[in-house]
Amino acid sequence: MTVVDSAPELLGGRFTEQLRAEVARQLDDMGVRVLLGAGLDIAPDTPAGVVGAFTAVTGAGEKIDADLWFACHGSTVPSTHLGPELAAARLPDGRLPVDEYLRVRGHERVFAVGDVTGTAELKTGRAAGRQGEVAAANIRALIGGGPLTAYEPFPDGIILSLGPDGGAGWSPEFGFFDAEATSRFKGTFLLDHFRGLLGVPAGTAAN
């Protein structure tokens, strides 16, 4: 397996050196070749996610023979279902610009939360949950006439799984996560946490 990234560092240099070094070590132990600083200037002829032999050439001129590839860069949000007024407000990546209260700009009573928001932070479940809390509080404030609550983005944090027993992570609250801590945290997909939020008894099978 080969990972190609035009960035000069793993994870875009956004996190600590300890985290980047640990991810690089684990990938190397798994036999994954990581090519940094030179992406693919031209996408392979074979469509992404479709099995078919091809040769890709990196921006540095290195040839890679493979039979399956995935585009794991950039993102857009499927927001074409929005009505005309909101669709007109969309940013080029499909997200919606919001003010500090998570209201869609130009709309006093329309809020956006989750991946569709145009906030600059990483799109994570933790951020979406906090945004939902702020939006709900602000909706109640609009109904009752109270003050609105400003949303404060979370500092960068990530927990990256690498197989069932690997991975690494970092958060401003807890610091560095090694492979064991990552597997323990990610292995449950926070099911107990969400069962508590939804009032579902522990041990109940998910449907």
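Read-outs: derived from the displayed coordinates by stated rules, not from any lab. Just so it is clear, the model here is predicted, and its values are computed rather than measured. Please note: Cβ atoms are built from the backbone with ideal geometry, for glycine as well, and neighbour counts cover all protein chains shown.
Laid out as a table, the results:
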{"item": "Calculated FRET efficiency for the pair A136/D65, C-beta based, R₀ 41 Å, to 0.05", "result": "0.20"}
{"item": "Which labelled figure in [x] 1.25; [y] 1.12; [z] 0.99 is Cα Rg over 2.2 N^0.38 Å, once derived from the coordinates", "result": "[x]"}
{"item": "Distant-in-sequence amide H partners of V34 (H built 1.01 Å from N, under 5 Å)", "result": "V3"}
{"item": "Cα-derived Rg to Rh of region 2-71, Kirkwood definition", "result": "1.00"}
{"item": "Extension reserve of the I42-D178 stretch, reckoned as 0.36 nm per residue once the Cα distance is removed", "result": "45.4 nm"}
{"item": "About the Cα centre, charge dipole magnitude for region 85-144 (Lys/Arg +1, Asp/Glu -1 at Cβ), debye", "result": "100"}
{"item": "For the chain, size of Cβ-based charge dipole, Lys and Arg +1, Asp and Glu -1, in debye", "result": "760"}
{"item": "Per-residue Cβ neighbour rank within 10 angstrom, fewest leading, T119, T182, T16", "result": "T16, T119, T182"}
{"item": "Beta bridge orientation in the chain: antiparallel %, DSSP, nearest 5", "result": "75"}
{"item": "Extended-chain gain in nm, criterion 0.36 nm per residue less alpha-carbon gap, L197 and E17", "result": "61.3 nm"}
{"item": "Using a Förster distance of 35 Å, the FRET efficiency for F54-D93 (Cβ separation, nearest 0.05)", "result": "0.80"}
{"item": "Tilt relative to the chain, helix 125-144 - C-alpha long axis, 0 to 90 degrees, to 10", "result": "20"}
